[in-house]
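Beneath this line is the structure, given in structure tokens, with notes to follow.
The values are calculated or read from the model by the stated rules, or taken from the named source; none is laboratory data. Please read all numbers here as calculations on a predicted model, not as lab measurements. FYI the Cβ positions are ideal-geometry reconstructions off the backbone, even for glycines, and counts take in every protein chain you see.
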Amino acid sequence: MTVSAERAEGRRAVAAGRVGERGVRPVAVWLLVCCAMILLMVVIGGLTRLTLSGLSITEWDPVTGIVPPLSAADWAHEFARYRHIPQYRLLNYGMSLAQFKVIFLWEYVHRLWGRLIGFVYAAPFLYFLWRRQIPRRLVWPLAGIFALGAAQGGLGWYMVESGLVHRVEVSQYRLVAHLLLALAIYAATLWTALGLLRGRPGAAIAPRWRRAAEAVLCLVAITIAAGGFTAGTNAGLVYNTFPLMGGQFVPADYAQLHPFIRNLFENVAAVQFDHRILAMTTAATIATLWLAARRAALPRPARLALHALLAAVALQFSLGLSTLLLVVPVPLASAHQAGAVILLTAALVWRHTLRAAREMDAAAAPAV
């Protein structure tokens, strides 16, 4: 092959985003850094909620809000605004300015980290775009991820706004929407990075394994959503025993709200029970698949990913049970929230190792 032909092949490889090309590896690393930042953002968001700090900043200033209070007058102004909302009057009445500064800084760091993620995503994206290092097939998907990130900022304020007038905490519905959008952004970013780093499939894999991996992904996502409702309704503060709830497997007050559908999202007994059942189902499903895979002809990367998935679900189940039995201590509850992202990561990686050859070829095809 001539030098010019090799260069042409290299350009086609970069356009296709094939593994090993120098042009796309930095793009994959950038996306993985963004994933790590989103994971930390989820942890910071969880700590902000656990410390009841999320309502301490009562206005949304996307640009000027980057500057924190710098003078005594600025702090007094922020504290005065906080004292007008129900959370202060009903939960934190008599709070000192020093105490207010603690919760204010949690929420400030939460918002500042979100802005930093936006910058770390946008600046390299424009740079790689200018250098033509982003495969053409990924330009619009990556731009779409940035748009979702911008929407996440607006959704975050929509969530905070729900707790400023008639409630002492944010709406659990908006909280779960905010969490799920964050995880959707994380999943899309991680999947794209894995696609840039992937290897060619070494052997044919039965389609049933891909369907099983997709079922696990759905279970993990639904369980995380149920966990969001558990957090949003403070359902983890009641029935701190396992496996029974109030001496029964199904709590006596499971269906006390009408219409029945409200129990799934607003009744703390039902919300916690559903999260328990989903967590146990997810763990049992993954353990069953791990056992079944011992006799299956899965390639080594898929086996290793499945081992990691089993370890992740075992860790997450242990963290959840400990958080429940110890009545939601902040460090454990925060670790449990991080564990949810780790479990989602393991499920995504496992599904990615099972990609069919036709999926790989379609992903590698250059744009026209």
Check your understanding: Which condition number in (1) on the phi < 0 side of the Ramachandran plot; (2) crowded, with 17+ Cβ neighbours inside 10 Å; (3) modelled with pLDDT of 95 or more is the one that Tyr239 fails?
Key -> (1)
Check your understanding: Do we find that Phe125 is closer than 30 Å to Leu32 by Cβ, among the aromatic types (Phe, Trp, Tyr) and assigned by TED's automatic domain parsing to the domain that holds Leu148 in this structure?
Key -> yes
Exercise for review: Return only the number of the condition from (1) of a type in the set (D, E, K, R); (2) closer than 17 Å to Asn234 by Cα; (3) at pLDDT below 95 that Arg294 does not satisfy.
Suggested key: (2)
Point to revise | Residue under evaluation Ala187, criteria (1) within 16 Å of the chain's Cα centre (by Cα); (2) surrounded by fewer than 19 Cβ atoms within 10 Å (Cβ to Cβ), criterion not met | key: (2)
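Yes or no, residue by residue, for (1) over 15 Å from the mean Cα position of the chain (by Cα); (2) within 30 Å of Pro26 (Cα to Cα); (3) surrounded by fewer than 20 Cβ atoms within 10 Å (Cβ to Cβ):
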residue	(1), (2), (3)
Gly153	no, yes, yes
Ala177	no, no, yes
Trp191	no, yes, yes
Arg210	yes, yes, yes
Cys218	no, no, yes
Ala225	no, no, yes
Point to revise | Long-range neighbours under 8 Å by Cβ, at least six apart or interchain, first residue charged (D, E, K, R) within segment 214-226, second in a helix (DSSP H, G or I) | key: Glu214/Arg351
Review point. If you scan segment 279-328, which residues turn out to be free of Cβ contacts under 8 Å to residues at least 60 places away in the same chain, of a type outside the set (Gly, Ala, Ser) and touching a Phe, Trp or Tyr at 6+ places or on another chain (Cβ under 7 Å)?
Key: Leu306, Leu310
Exercise for review: Search segment 132-182 for residues being of a type in the set (D, E, K, R) and part of a loop (DSSP other than H, G, I, E, B), and hand back the single one that is nearest to Ile57 (Cα to Cα).
Suggested key: Glu169
Practice item. Output the number of residues of segment 240-278 satisfying the condition of being touching a residue at least 60 places away in the same chain (Cβ under 8 Å) and either under 17 Å from Leu321 (Cα atoms) or in contact with a Pro (Cβ under 9 Å, 6 or more places away or on another chain) (or both). Key: 3
Exercise for review: Would you mind telling me which numbered condition in (1) crowded, with 18+ Cβ neighbours inside 10 Å; (2) within 21 Å of the chain's Cα centre (by Cα) Ala270 fails?
Suggested key: (2)
Exercise for review: Could you list, in sequence order, all residues of segment 61-91 that are among the aliphatic types (A, V, I, L, M), more than 24 Å from Gly153 (Cα to Cα) and assigned to a helix (DSSP H, G or I)?
Suggested key: Ala72, Ala73, Ala76, Ala80, Leu90
**Study point:** Index of the failed condition, Ser53 passing every other in (1) closer than 23 Å to Leu348 by Cα; (2) at pLDDT 95 or above
**Key:** (1)
Check your understanding: For segment 141-176, how many residues meet the condition of being without any contact (Cβ under 8 Å) to a residue 24 or more places away in the chain and within 16 Å of Leu112 (Cα to Cα)?
Key -> 1
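Yes/no per residue for (1) under 24 Å from Phe229 (Cβ atoms); (2) β-branched (Val, Ile, Thr); (3) assigned by TED's automatic domain parsing to the domain that holds Gly246:
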| site | (1), (2), (3) |
| --- | --- |
| Met280 | yes, no, yes |
| Thr285 | yes, yes, yes |
| Ala293 | no, no, yes |
| Ala296 | no, no, yes |
| Pro299 | no, no, yes |
| Leu310 | no, no, yes |
| Phe317 | yes, no, yes |
**Study point:** Of all residues in segment 273-289 being surrounded by fewer than 16 Cβ atoms within 10 Å (Cβ to Cβ) and not small (Gly, Ala, Ser), the one that is nearest to Ala302 (Cα to Cα)
**Key:** Thr288
Study note, to complete from the structure: Only one of Ala269, Ala283 is closer than 30 Å to Arg198 by Cβ and part of a helix (DSSP H, G or I), namely Ala283
